[in-house]
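Report on one structure; see the data block that follows.
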Amino acid sequence: MTQTHETVLRSASREVVIGHGRRFCLIGERINPTGRKIFQEQLRAGDLSAIERDVKAQVEGGADVLDVNMGVPLTDEPELLAKAVQLVQTLTDLPICIDSSVVEALEAGLSVYQGRALVNSITAEDDRMEAILPLVKKYDAAVIALPNDHDEIPMEWEKRLDLVDKIVRVATEEYGIAKADLVIDPLAMPIGADTGNSLVTFEAMRQIRDRHGLNMTCGASNVSFGMPDRHTLGAAWLPMAMTAGLTSAIMDTRTPQVVEAVKAADVFLDHDEWGMAWISAHRAKAAASA
């Protein structure tokens, strides 16, 4: 059996560990202006107040880590992301996943972050690894890595595994990054396009876990894209993915149906000792409604 790894993330005062024997890590995705026109306009005008509401909602929903993305056209993204990271750290003690496709923005966010961040993300493309892995090393962060390259998003699990092998080799041998600090996104593709997509992803997860013992994450809402009743699909898919080796997901924690399915799966997978987290959450809910 391959040794499994634990990925340690920290804020200034709190530590979160992602691991195969631990409770599933929920990464709240809401602090992201993509597809949110009003939020984009507010950010362009320098109004960050919506971030406060988003942080509160994701934390109350049960997020363990918060993904922060400030990809707004016609703004200074590095400056905006640095400001957002600092603001979020005044509002919560949860660790942050710093999310940008712009290398300068990632560095700006990492340079002001207090703690040990998760960087979102690299691919198996040589230029992306060359640009971002030195930052991951410099700021002692962890990083999400996607097994796709210049040519394609591979639809076969074997090709995804080949690219994971490449990412692991380059990150550990050329940049001295620990395997524990690589969190693989096994590519959750929409089942609306092909209902066989998830079977490929589950097999990729099992292979990544069994070969490398790495932690994994994905954009959980991707799988149900274009389908009706997406929350029910998400609530079924995530526990299945957890049995295949998924240890975290980037998701909107304002969806109790999905969050509770994950917490229930933690109990059955023996990741919630004596079901204590499940029981205390139930008690808190009962007290709140009373």
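The values are calculated or read from the model by the stated rules, or taken from the named source; none is laboratory data. Because the structure is a prediction, the values reported are computed rather than measured. So basically every Cβ, Gly included, is an ideal-geometry build from the backbone, and we count neighbours across all protein chains shown.
Taking Ala236, is it surrounded by 18 or more Cβ atoms within 10 Å (Cβ to Cβ), modelled with pLDDT of 95 or more and either of a type in the set (Lys, Arg) or assigned to a helix (DSSP H, G or I) (or both)? First the steps, then the outcome.
Numbers: surrounded by 18 or more Cβ atoms within 10 Å (Cβ to Cβ): no; modelled with pLDDT of 95 or more: yes; either of a type in the set (Lys, Arg) or assigned to a helix (DSSP H, G or I) (or both): yes.
In short, no.
Residues are listed down the side, and each one gets a yes or a no for (1) among the hydrophobic types (A, V, I, L, M, F, W, C); (2) over 15 Å from the mean Cα position of the chain (by Cα); (3) under 25 Å from Asp54 (Cα atoms):
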residue	(1), (2), (3)
Asp229	no, yes, yes
Ala236	yes, yes, no
Ala244	yes, yes, no
Val262	yes, no, yes
Leu269	yes, yes, no
Ala277	yes, yes, yes
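Where the second residue is among the aliphatic types (A, V, I, L, M) and part of a loop (DSSP other than H, G, I, E, B) and the first is over 20 Å from Asp99 (Cβ atoms) and lies in the stretch 180-206, which pairs have Cβ atoms under 6 Å and are six or more apart or on separate chains?
From residues that are over 20 Å from Asp99 (Cβ atoms), the pairs are Gly192/Met227; Asn197/Met189; Asn197/Ile191; Ser198/Ile191; Thr201/Ala188; Met205/Leu246.
Of the numbered conditions (1) free of Cβ contacts under 8 Å to residues at least 12 places away in the same chain; (2) farther than 26 Å from Phe202 by Cβ, Ala281 satisfies every one except a single condition; which is it?
Evaluating Ala281 over (1) free of Cβ contacts under 8 Å to residues at least 12 places away in the same chain; (2) farther than 26 Å from Phe202 by Cβ leaves (1) as the failure.
How many residues are without any contact (Cβ under 8 Å) to a residue 24 or more places away in the chain and surrounded by fewer than 16 Cβ atoms within 10 Å (Cβ to Cβ) when one looks only at the stretch 35-59? Can you show your working first?
The first filter runs over the stretch 35-59 and keeps only residues without any contact (Cβ under 8 Å) to a residue 24 or more places away in the chain, leaving 35-39, 41-42, 45-47, 49-50, 53.
From what's left, surrounded by fewer than 16 Cβ atoms within 10 Å (Cβ to Cβ): 35-38, 41, 45-47, 49, 53.
Number of matching residues: 10.
Among the residues of the stretch 1-19, how many are touching a Leu at 6+ places or on another chain (Cβ under 9 Å), surrounded by 18 or more Cβ atoms within 10 Å (Cβ to Cβ) and not polar (S, T, N, Q)?
So the count comes out to 4.
Can you tell me which residue within the stretch 141-152, out of those that are in contact with a helix residue (DSSP H, G or I) (Cβ under 9 Å, 6 or more places away or on another chain) and surrounded by 14 or more Cβ atoms within 10 Å (Cβ to Cβ), is modelled with the lowest pLDDT? Talk me through it step by step, then tell me what you get.
At the first step, the residues of the stretch 141-152 found to be in contact with a helix residue (DSSP H, G or I) (Cβ under 9 Å, 6 or more places away or on another chain) are 141-143, 145-150, 152.
Next, from what is left, pick out any that are surrounded by 14 or more Cβ atoms within 10 Å (Cβ to Cβ): 141-143, 145-149.
Working: Ala141: 98, Ala142: 98, Val143: 98, Ala145: 98, Leu146: 98, Pro147: 98, Asn148: 96, Asp149: 91.
That would be Asp149.
Does Ala244 fit the bill of being free of Cβ contacts under 8 Å to residues at least 60 places away in the same chain and surrounded by 21 or more Cβ atoms within 10 Å (Cβ to Cβ)?
On the way: free of Cβ contacts under 8 Å to residues at least 60 places away in the same chain: yes; surrounded by 21 or more Cβ atoms within 10 Å (Cβ to Cβ): no.
When the stated conditions are applied, Ala244 does not pass them.
In the stretch 95-118, what residues are in contact with a strand residue (DSSP E or B) (Cβ under 7 Å, 6 or more places away or on another chain), aliphatic (A, V, I, L, M) and surrounded by 23 or more Cβ atoms within 10 Å (Cβ to Cβ)?
Narrowing the stretch 95-118 to residues in contact with a strand residue (DSSP E or B) (Cβ under 7 Å, 6 or more places away or on another chain): 95-100, 106, 109-110, 113, 115-118.
Narrowing the set further to residues that are aliphatic (A, V, I, L, M) leaves 96, 98, 106, 110, 117-118.
Once the filter is applied, which keeps residues that are in contact with a strand residue (DSSP E or B) (Cβ under 7 Å, 6 or more places away or on another chain), aliphatic (A, V, I, L, M) and surrounded by 23 or more Cβ atoms within 10 Å (Cβ to Cβ), the stretch 95-118 yields Ile96, Ile98, Leu106, Ala117, Leu118.
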